[in-house]
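Worksheet for the structure shown next.
The values are calculated or read from the model by the stated rules, or taken from the named source; none is laboratory data. Everything quoted here is computed from the prediction, not taken from an experiment. Backbone-built Cβ (ideal geometry, glycine too); neighbour counts: all protein chains shown.
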Amino acid sequence: MALKVITSVGTSLITNYIKYYDEFLNDLGFEDISEEFEDIEYKIVSETDEDDLKTERKKIKSELKKWILNTKCIQWESKNDKSVDEITEKDHINKEACAEITSLIKFCELKKQDIEVNLMASDSISSHIIAELLAETLDNHKINNYTINVKYNKKHDCIKGLNIHNEAKFKNEGISNIIKQYQPIWKNTYETTYFNITGGYKGVIPIITLMGQVFNFTIFYLFENTDRIIEMPKIPMKYDEDFFEDFYNEFKDIDENGCIHKKSVKHNFLENEGVKACLEEDDGLITFSEIGQILWEKFKSKFVVFYCPDDVFEDMKDERQKKVREIILDKADNRKLWGSNVKSEDSHKTVYIYTGEKNLARIYHFFDNNLLYIYKTFGNGQHSEHETYIKKQKFDEAFKNKIIKTSKQRKEEK
C-alpha cells in the first residue's frame, strides 16, 4: 500500500532559481525571472483572472521546468565548491531544486515504499505555479524500485484563504479549508498518512502541527541543510468537548458568520474555560482563535448536519430507506462526494441516485448558502411513489423557499 503524503508547497523552487541564477544558471543560457516573480509574488489566485500575467507565468514555468529536469547540482553540501551542470538524462530530476522535491525523494528512499503525494498550494499564484510544475515533473518518478505519484487539482488543492499576507482570511477561511480538503484522506488512512511541512510558508507549521495532534496523523520535515528526515511522533490530544455541545448554536453562528457580537451571546457562554480557550475578542466581536477553529472542525467531523422538514425526517426512519440514511451519513458533509451520482429528473435538478446490491435510493436535495437541504427521499421498493412524486411536484423557486422556511437543522452522529 502506498503511503499518502500531503505536502505544503511554498516558493523555494523560484527563490532557489533566482538565488543561483547569477552564479550558475546565467552561464547555462537560462533566463532571469526575478522581475516576473516580483509581478506575481503577492497576487492571489482567487482574485486574479486566469489570463492575467499570462506571459510572466509562461516564462517562469518554462525556466523552472528546465531547472528541475535539465540541471544537476554538484557538491551542494559544500560552501565553496558548489556547481551546476546541464544534463539531458531521461527521467532526471534535480533533487536539490527545491525543498518539496528534496524531502519527498528522501522520504521515499527512507520508507522504501511507493508514496502518493497530494500537493497543498497556498492561495498565491506563485505557490499554484510551483504545485503545477511539481505535479507535471515529479509524478510517476522512480526511486530505486519505488514510485512517487503526485496529485494536484487547482480547484481543490489551491486552498482559498491560505494566505500569509491576510491573517483574518487565514484564520477564518484557510484553516477550515485545509481541514475540509484533506480530512477525507487522513480520516480513513491516518495510520499511513503523513504531512510534509518541509516546504510551504513557515507560519502554517504550528497550525499543521496542532492539526496532527488533534486529528492523529504523522508530520515530518527535512532537517535544514541535511538529508535527515525528522518525524514528529503522534501525541493525540485529549480534551473535554462538552462545551461544544452545550453551546453548539453559538459556535455554529460564529462558524457561519465569521464572528458574533459579544452583546448577543449568553453571559455564561464567555465564562466557560473551554469556550474562552477557543475564542478571541476584538472590539466587541467574538471570533475563533486558531486552536478554536481546529477543535471546532474536529468536533463537527463527528456529525453530519443537514436541513429538512419534519415529514422528510420521519420518512428517513422507514426501513426501506436504510440506504438513504447510510448515504447521508457518509457523504452529506462533503459536497464533492455526491459526484457523478447526482442526476436530473424532470424539474428536479439535483437528485442523488444510488443503485446497487438490490438497493435503490433517491435523495432530492439542493444547497443554499453552502447548507444542504433534503426535501424528499425514496428507498427500496418505493419506485411507484417516486414516479408519482416527480409528476405531481414541480421544483421551482417558490417550492425551494418553502422548503428552506419549513426545514429544521438535523445533527446526526456518524
Review point. If a residue has to be assigned to a helix (DSSP H, G or I) and either hydrophobic (A, V, I, L, M, F, W, C) or surrounded by fewer than 19 Cβ atoms within 10 Å (Cβ to Cβ) (or both) to count, how many in the range 98-119 make the cut?
Key: 9
Exercise for review: Considering only the range 177-234, state which residues are small (Gly, Ala, Ser) and over 15 Å from the mean Cα position of the chain (by Cα).
Suggested key: Gly199, Gly203
Point to revise | Selection status of Lys317, modelled with pLDDT of 90 or more and either in a helix (DSSP H, G or I) or among the charged types (D, E, K, R) (or both) | key: yes
Review point. Lys262 is checked against (1) touching a Gly at 6+ places or on another chain (Cβ under 6 Å); (2) within 22 Å of Lys4 (Cβ to Cβ) and fails just one. What number does that condition carry?
Key: (2)
Review point. Which one is nearest to Ile6 (Cα to Cα) among residues in the range 151-166 that are assigned to a helix (DSSP H, G or I) and charged (D, E, K, R)?
Key: Asp157
Check your understanding: Which residue pairs have Cβ atoms closer than 7 Å, lie 6 or more positions apart in sequence or on different chains, and pair a first residue in the range 399-414 that is farther than 12 Å from Phe313 by Cβ with a second residue that is among the basic types (Lys, Arg)?
Key -> Glu413/Lys302; Lys414/Lys302
Exercise for review: Kindly provide the set of residues from the range 227-279 that are of a type in the set (Val, Ile, Thr), surrounded by 11 or more Cβ atoms within 10 Å (Cβ to Cβ) and closer than 30 Å to Lys106 by Cα, ordered by number.
Suggested key: Ile229, Ile230
Review point. Of the numbered conditions (1) touching a strand residue (DSSP E or B) at 6+ places or on another chain (Cβ under 9 Å); (2) assigned to a helix (DSSP H, G or I); (3) among the charged types (D, E, K, R), Asp81 satisfies every one except a single condition; which is it?
Key: (2)
Review point. Across the range 51-65, which residue is farthest from Ser34 (Cα to Cα) among those that are assigned to a helix (DSSP H, G or I) and in contact (Cβ under 8 Å) with a residue 40 or more places away in the chain?
Key: Lys65
Check your understanding: Quick one: which of Leu28, Leu53 is under 27 Å from the mean Cα position of the chain (by Cα) and in the same structural domain as Lys151 (by TED's automatic domain parsing)?
Key -> Leu53
